[in-house]
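Written out below as structure tokens is the structure these notes cover.
The values are calculated or read from the model by the stated rules, or taken from the named source; none is laboratory data. Note that this is a predicted model, so its numbers are computed, not measured. Cβ atoms come from the backbone with ideal geometry, glycine included; neighbour counts cover every protein chain shown. The area values use the complete protein model at the heavy-atom level, side chains included, leaving out ligands, DNA and RNA. Shrake-Rupley method; radii C 1.70, N 1.55, O 1.52, S 1.80 Å.
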Amino acid sequence: MKILVIGSGGREHAICWKIASEISSGTIYALPGNGGIGEIANFVNIPIENHQEIASFVKREKIDLTIVGPEVPLAGGMVDVFHKKKLKIFGPNKKAAALESSKIWAKEFMMENEIPTAGFFVADDFNSAKVIVEKVQFPVVIKFDGLAAGKGVKVVGNFKEAVDFLEDVFEKHLFSQTGNRIVVEEFLSGKELSYIVITDGERFIPLVPAKDYKKIYENDAGPNTGGMGCYSPVPFCSSELERLIEKRIVVPTIKGLQKKSIDYCGVLYFGLMITQQGPRVLEYNVRFGDPETEVILPRMESSLLEIIESAIEGRLEDASVRWKQESTVDVVIASGGYPGKYDTGLPVDVDPLPEGVMIFHAGTKKQFDRFVTAGGRVLNIVGFGKTLREAREKAYEGVARIHFNGMYFRRDIAQSIC
Ligand code: AMP
Ligand code: GLY
């Protein structure tokens, strides 16, 4: 079997690793991949935005299945190009990807389908946004409408902070040169949870819940990042809460998409706040979470490939998923300066790892015979254990084996539950 995985993060390394453990023969291709992925997959050297050329490559090489990791190619319509050419691909089409690529589209979708979420206002320019923040009670959350790698959302505590962020969006054009819009959202308190399902557009298979750490600094301070760590299982997520999430949020979302005649096949990620009043949707993602995937897939006993094939063929009722009773904790090691400016090309040294630790690479590449840094989030160090406490200890034992100039990681991943 030949499989192409699109993307270059820890999520894609985890997907490649899981698939490699499931196929006895065949080849995994990665586009563009990273240093760690290069150890188990062949690199494909085509620009990721060139969907037509990627599809031609897939046809020529007779690749059986393409799995899309990140949101940008999904929002850009890679799946639509593949479908036109009758090539097998896992991920939602461009229309469906609006759930993630436009916060405003997603909020309106939630309103139409009575899916619980935070109250909100929409603004299309600086002045109307300013009028809104003049009237709100702080804190509020301001969200840039489009894709921004997790960095287009800011919790603001006062009017000045709000105006500063509005200037970033509308005057400094930090996220996009044109067509800027924002959502001003009610601030919700509670516990965050990542709830991820695989769906064929009718049925769904839930993955085990995970808890992600979005902020750069300990105690959840500082700006948002792509994710600085993660763990699974999540002790506060009871089976009652899971049933409630499915009933109030997952099922209405899938039905809402059907009502709009949107064929959704792929991963659907619900970023939730579990408030006193129940679960609320903070965001949808139309793909596996990163770093959630790095703690979820190592716990999956079943074949990911079989589930993906069942979803694509619209027979998810035949698929089931079994999980290992293990806990996993992921500590992300980032380049100093991330999520702002950082250096790349720094040599990464990895001392021999203890048992119960594995590494998923993110921003690395191989230069001659050694790994060097090539991105903001560099490595995911995943610890395994019978309990979260054991898994956490292992993860940090693993972190101590990594060395590069300026490396930064949070020391409090999974601390509050251990
Ligand atoms: P989003 O990309 O919309 O999930 O937002 C990124 C992060 O900002 C979330 O993971 C939360 O930590 C925080 N956040 C977003 N919306 C809200 C909200 N309405 N209330 C409180 N925190 C929020
Ligand atoms: N971990 C958050 C995300 O994947 O967007």
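Structure values in brief
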| quantity | calculated |
| --- | --- |
| Matching residues, region 21-30, being surrounded by fewer than 23 Cβ atoms within 10 Å (Cβ to Cβ), free of Cβ contacts under 8 Å to residues at least 40 places away in the same chain and outside any loop (DSSP other than H, G, I, E, B) | Ser21, Thr27, Ile28, Tyr29 |
| Failed condition for Ala149, given (1) touching a Gly at 6+ places or on another chain (Cβ under 9 Å); (2) more than 9 Å from ligand 1 (Cβ to nearest atom); (3) modelled with pLDDT of 95 or more; (4) not basic (Lys, Arg) | (3) |
| Residue count, region 316-341 (criterion: of a type outside the set (Ser, Thr, Tyr) and within 30 Å of Glu355 (Cα to Cα)) | 13 |
| Extreme residue, modelled with the lowest pLDDT, among residues of region 176-193 that are part of a loop (DSSP other than H, G, I, E, B) and either basic (Lys, Arg) or open to solvent by less than 60 Å² (accessible area, probe 1.4 Å) (or both) | Ser176 |
| Boolean, Ala395 is at pLDDT 95 or above and within 23 Å of Leu31 (Cα to Cα) | no |
| Single match in Asp349, Asp330, Asp290 (criterion: of a type outside the set (Ser, Thr, Tyr) and outside any strand (DSSP E or B)) | Asp290 |
| Breaking point among (1) away from ligand 2 (no atom under 16 Å from the Cβ); (2) surrounded by 20 or more Cβ atoms within 10 Å (Cβ to Cβ), for Leu272 | (1) |
| Selection within region 372-416 - of a type in the set (Phe, Trp, Tyr) and open to solvent by less than 40 Å² (accessible area, probe 1.4 Å) | Phe384, Phe404, Phe409 |
| Selection from region 33-87 of residues that are assigned to a helix (DSSP H, G or I), open to solvent by 20 Å² or more (accessible area, probe 1.4 Å) and more than 23 Å from Glu306 (Cα to Cα) | Gly38, Glu39, His51, Gln52, Glu53, Ser56, Phe57, Arg60, Val72, Ala75, Val81, Lys84 |
| Answer from Glu100, Glu108 - the residue that is touching a residue at least 12 places away in the same chain (Cβ under 8 Å) and not in a loop (DSSP other than H, G, I, E, B) | Glu100 |
| Filtered residues of region 275-286 (kept if open to solvent by 10 Å² or more (accessible area, probe 1.4 Å), more than 13 Å from ligand 2 (Cβ to nearest atom), in a strand (DSSP E or B) and of a type outside the set (Ser, Thr, Tyr)) | Gly278, Arg280 |
